[in-house]
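These notes are about the structure you will find just below.
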Amino acid sequence: MKKNALAGLVGVCLCGALAVASVPMSAAAEEVVFDNTVNETGYYKHLSDSFLEMGDDATLAGVARQLTRVTIGFYSFSSGSFAHLSLHLYDESLVLLGDPLTLNNVVFGENTFPTVSFAVPNYSAPDTIVWTLSYTGATFTSLPGPTVCHPPTIGTSEDTFMVDRGSGLHPEVTSGSPANFCARIEATPEPATLSLLAVGLGAIWLRRRRQ
Ligand SMILES: [Ca+2]
């Protein structure tokens, strides 16, 4: 664990504004169902050559469960790139929700706090999910990794992180810091939820008409 020691750092910000103001009637508004970007701890955990995957759990708030975007905050000590950086999304039993999502040629600068945002093609999620990162073709002299924020302001996360060193994905604790990575997850309501809402609104309208 000490090799992956969490290095003291200053702020990371996932300050992107969520624009939900003007959506067509047919489109469902995105909402933030998990946000752990506000309470920065000044720590990060670098991805390691010995990790096949590393990430965190997230219990989502609200009722929107069609995932649309996952954004992760990083710290990059040295400049370099990943040939491929992939996001894996699982349910609580570690069953994949869909194919891993991959970004190619992800470039980070030296001593920077980049954010990486994965567009999710509407994977349907349960209330608790696990996200992990994997990579190939890293050119950094010192690998970057996700920053640590705690506690989440929307949703919750266990005080563990998830890692696979070749024997399967499992939770671990960290020494010296909370084990919650800076991440934001956005989603839209399930089509079924929208349909139920429409039926409910229709019933209210009919009742009022009859009165
Ligand atoms: Ca956690």
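Quick notes
- Every residue from the stretch 172-183 that is under 24 Å from Val32 (Cβ atoms) and either loosely packed, with under 14 Cβ neighbours inside 10 Å or near the ligand (Cβ under 8 Å from one of its atoms) (or both): Pro178, Ala179, Asn180, Phe181
- Flag if Phe82 is crowded, with 22+ Cβ neighbours inside 10 Å and not polar (S, T, N, Q): yes
- Residue match in the stretch 157-165 (condition: more than 18 Å from Val70 (Cα to Cα) and more than 14 Å from the ligand (Cβ to nearest atom)): yes
- The residues listed here are Thr156, Thr128, Thr141; of these, the one that is exposed (fewer than 14 other Cβ atoms within 10 Å of the Cβ), in contact with a strand residue (DSSP E or B) (Cβ under 9 Å, 6 or more places away or on another chain), at pLDDT 95 or above and of a type in the set (S, T, N, Q) is Thr141.
- Leading residue by the ranking (farthest from the ligand (Cβ to nearest atom)) among those in the stretch 44-80 that are farther than 14 Å from Ala183 by Cα and in a strand (DSSP E or B): Gly80
- Where a residue in the stretch 46-75 is within 19 Å of Ser93 (Cβ to Cβ) and its partner, wherever it lies, is among the hydroxyl-bearing types (Ser, Thr, Tyr) and away from the ligand (no atom under 16 Å from the Cβ), with Cβ under 7 Å and at least six apart: Leu52/Ser134; Glu53/Ser134; Arg65/Ser124; Leu67/Tyr123
- Filtering the stretch 130-163 to residues that are more than 22 Å from Ser177 (Cβ to Cβ) and hydrophobic (A, V, I, L, M, F, W, C) leaves only Ala138.
- Hey, Val120 β-branched (Val, Ile, Thr) and either within 16 Å of the ligand (Cβ to nearest atom) or more than 24 Å from Asp164 (Cβ to Cβ) (or both) or not: no
The values are calculated or read from the model by the stated rules, or taken from the named source; none is laboratory data. These figures come from a predicted structure and were not determined experimentally. FYI the Cβ positions are ideal-geometry reconstructions off the backbone, even for glycines, and counts take in every protein chain you see.
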